[in-house]
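Undergrad: The structure under discussion is supplied below as structure tokens; questions concerning it will follow.
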Amino acid sequence: MAEPARSESAYPVGLRLSGRRVVVLGAGQVAQRRLPALVAAGADVLLISPSATPSVEAMAEAGEFRWERRRYRDGDLDGAWYALISTDDPAANEAASAEAEARRVWAVRSDDADAATAWTPATGRSEGVTVAVLTGRDPRRSAAVRDAVVEGLRDGSLAAPRYRARDTGAGPGSVALVGGGPGDPDLITVRGRRLLAEADVVIADRLGPRDLLDELPPHVEVIDAAKIPYGRFMAQEAINNALVEHARAGKTVVRLKGGDPFVFGRGMEEVQALAEQGIPCTVVPGISSTISVPAAAGIPVTHRGVAHEFTVASGHVAPDDARSLVDWAALAKLRGTLVLLMSVENIGAIAATLIHHGRPAATPVAVVQEGTTAAQRRIDATLATAGERVKAEGIRPPAVIVIGDVVTVGPEPRG
Ligand SMILES: C[S@@+](CC[C@H](N)C(=O)[O-])C[C@H]1O[C@@H](n2cnc3c(N)ncnc32)[C@H](O)[C@@H]1O
């Protein structure tokens, strides 16, 4: 009978090996690489090999599969659904291949891809997606493509939304409270980026990585929850309601916040509102502007021999305002770094209060507006001059104000 014509292209398929016999011949590097995945797939693995690498031995000792310490012999593939032929004996590989062919058992060969009836793809997994890549005879290329796809899924640059759960209407939607970082789109976390790529609805603040919103596919509903300082704002209650409403409609919702959700971000209020309605919420921490904005402007919040502590405070209400929860007199006594958020409007009064309570008037101050974005701008002053400098330079929120000797330790303090 004529040999069937062999094509370079393979027909991809996912084998469901749970409880099914898989015979592995040989226990060298190839088997060592493949055995964990076979075990993870629940296969009933029988390893036949006179010796094994230490890792394979350890797996066998842990009871992950049965190991017969001997050479291959005819009949070993009886009852197998799939075989991995990778002994160091070409004749044994040849014989096992022939047995596999005769028994109609799909078999991969480590020493002769042409003689094999199956090829192992380069595989990877990310969040329930299995990626398997075959490129004919170029395993390094397969691995490179696999890596690119898995990396894209992990960092969200490749969108892989879940459709099945939505189509069936199974279960409520979900909400992820994602800290987007200070503004530079590269400064969101890998997890945050991936969740953003999977979202149906994104409720975004004005601060944070707004550029990422432009990359979302057209079907994604983007809702602006802008809380513009001292101007128009969307009530927190309305944001909470929107989160609940969209999650109830079965949507995958991302609440994208600037910096970290729990640093002056009202994140916990949103978590609580969702919990009250029985809606699950994942919290993804973000890079807070408190540290990253000074860093982007060349200011370390601590520095050996200069500052052993840094304190973060909000100056959105003036020191003499009854609503203020900040003990400015106590802060004035500290020697370390003071990082102020939401303080542009009140910096004059805050600086005067700090001086009044003992912080030297010559303490260096830096104001960093729109840090990590293309519009980043830094001005330098002292506690004595900060209020008037901020006004004169027309500094607008968002800005982080850093007070302390760390302001001048960097190589290029700008004025
Ligand atoms: C409501 S708070 C939110 C803080 C945010 N959750 C965080 O962890 O960065 C907003 C304040 O953060 C500061 N801020 C946030 N992003 C900033 C940026 N890119 N540049 C300067 N300041 C920023 C400003 O002080 C702004 O008024």
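Quick note: the coordinates plus some simple rules give every number you see, no bench work behind them. Worth saying up front: this structure is predicted, and the values here are computed from it rather than measured. Note: ideal-geometry Cβ built from the backbone for every residue, glycine included; neighbour counts use all protein chains shown.
Undergrad: How large is log10 I(q)/I(0) at q = 0.09, 0.13, 0.18, 0.21 Å⁻¹ when the Debye formula is applied to the Cα atoms of segment 291-408, each weighted equally and without solvent?
TA: Each listed q corresponds, in turn, to -0.20, -0.43, -0.85, -1.18.
Undergrad: Say each of VAL190 and ARG141 gets a label point 7 Å from the Cα, pointing the same way as Cα to Cβ; how far apart are those two points in nm?
TA: Result for the modelled spin labels: 2.7 nm.
Undergrad: Something else about it: For ALA115 and ALA392 in the same chain, what is the full-extension length gain: residue separation times 0.36 nm, less their Cα-Cα distance, in nm?
TA: Difference between extended and current length: 91.8 nm.
Undergrad: Still on this structure, please answer the following. Could you give the semi-axes, largest first, of the ellipsoid that matches the chain, computed as the square roots of 5 times the alpha carbon gyration tensor eigenvalues and rounded to whole Å?
TA: Working from the Cα gyration tensor, I get semi-axes of 61, 25, 18 Å.
Undergrad: Same structure again: Please report, in Å, the Rg and the Dmax of segment 164-287, where both are computed over Cα atoms only.
TA: Radius of gyration, then largest Cα-Cα span, for segment 164-287: 13.4, 44 Å.
Undergrad: Ranked highest first by average number of other Cβ atoms within 10 Å, how do 127-139, 369-381, 178-190 line up?
TA: 178-190, 369-381, 127-139
Undergrad: If you don't mind, another one. Take every Cα pair under 8 Å in the chain that's 6+ residues apart, average their separations, divide by the length, and report that relative contact order as a whole percent.
TA: RCO, the chain: 10 percent.
Undergrad: Let me ask another. On a 0 to 90 degree scale, rounded to 10, what angle separates helix 90-103 from the longest Cα axis of the chain?
TA: 80 degrees
Undergrad: Would you list, by chain and number, the aspartates and glutamates whose Cα falls below 16 Å from the Cα of LYS333, excluding same-chain residues fewer than 8 positions away?
TA: Here the aspartates and glutamates satisfying the reach criterion relative to LYS333 are GLU309, ASP405.
Undergrad: A follow-up question, please. Going 7 Å from the Cα of THR130 in the Cα-to-Cβ direction, what parts of segment 43-68 have a backbone nitrogen less than 17 Å from that spot?
TA: Zone members listed by number: 43-45.
Undergrad: Springs between alpha-carbon atoms under 10 Å, Gaussian network over the chain: tell me which of ALA242, ALA62, ALA384 tops the mean-square fluctuations.
TA: ALA62
Undergrad: Next up: LEU216's amide H: which non-local residues (gap 5+, or another chain) put their own amide H closer than 5 Å, with H modeled 1.01 Å from N in plane and none for Pro or chain starts?
TA: none
Undergrad: HN-Hα J couplings of segment 384-399 from phi, Karplus 6.51/-1.76/1.60, θ = phi - 60°, integer Hz, Gly and Pro as x?
TA: Each residue's phi maps through the Karplus curve to give 5, 9, 4, x, 6, 4, 4, 5, 4, 7, x, 5, 10, x, x, 8 Hz.
Undergrad: While we're here: Quick one: which of 286-295, 91-100, 339-348 comes out on top by average Cβ neighbours within 10 Å, and what's the full order, highest first?
TA: Answer by packing, highest mean first, reads 286-295, 339-348, 91-100.
Undergrad: Now for a separate question. Give the order of ILE350, ILE401 when sorted by the count of other beta carbons within 10 angstrom, beginning with the fewest.
TA: Least crowded to most crowded, the residues run ILE350, ILE401.
Undergrad: Give the separation of the Cα centroids, segment 87-126 to segment 304-362, in Å.
TA: So the two Cα centres are separated by 71 Å.
Undergrad: May I ask you to compute the full-extension gain from ASP211 to ASP74, defined as 0.36 nm times their residue separation minus their alpha-carbon distance, rounded to one decimal in nm?
TA: Result for the pair: 43.0 nm of gain on full extension.
Undergrad: Continuing with this model, one more query. By how many degrees, 0 to 90 and rounded to 10, does the Cα axis of helix 29-40 deviate from the longest principal axis of the chain?
TA: 70 degrees
Undergrad: Need one number: nm distance between label points at GLU57 and ASP320, each 7 Å from Cα along Cα→Cβ, rounded to one decimal.
TA: Going by the 7 Å Cα→Cβ label model, 8.0 nm.
Undergrad: What full-extension length gain, to one decimal in nm, is calculated for HIS219 and ARG248 as 0.36 nm per residue of separation minus the Cα-Cα distance?
TA: 8.6 nm
Undergrad: So how far apart, in nm, are the two label points at ALA91 and ARG104 if each is 7 Å from Cα heading toward Cβ?
TA: So the label points at ALA91 and ARG104 sit 3.1 nm apart.
Undergrad: Something else about it: Taking 45 Å as R0, compute the FRET efficiency from the Cβ-Cβ separation of THR311 and GLN277 and round it to 0.05.
TA: Working: r = 36 Å, r/R0 = 0.80.
My answer for the efficiency is 0.80.
Undergrad: Moving on to the next point. GluC sites (Glu not before Pro) within segment 1-92: which are DSSP loop residues with at most 15 other Cβ atoms inside 10 Å? Can you show the working numbers first?
TA: Details: sites: GLU8, GLU57, GLU61, GLU64, GLU68; in loops: GLU8, GLU64.
The qualifying sites are GLU8.
Undergrad: A further question follows. Please determine, in degrees from 0 to 90 and to the nearest 10, the orientation of helix 347-356 with respect to the longest principal axis defined by the Cα atoms of the chain, where the helix direction is its Cα long axis.
TA: Between helix and principal axis, roughly 70 degrees.
Undergrad: What ³J(HN,Hα) values, in whole Hz, does the Karplus curve 6.51 cos²θ - 1.76 cosθ + 1.60 give for segment 43-57 when θ = phi - 60°, with x put for Gly and Pro?
TA: Values per residue, Gly and Pro as x: 5, 8, 8, 10, 9, 10, 5, x, 9, 8, 5, x, 5, 5, 4 Hz.
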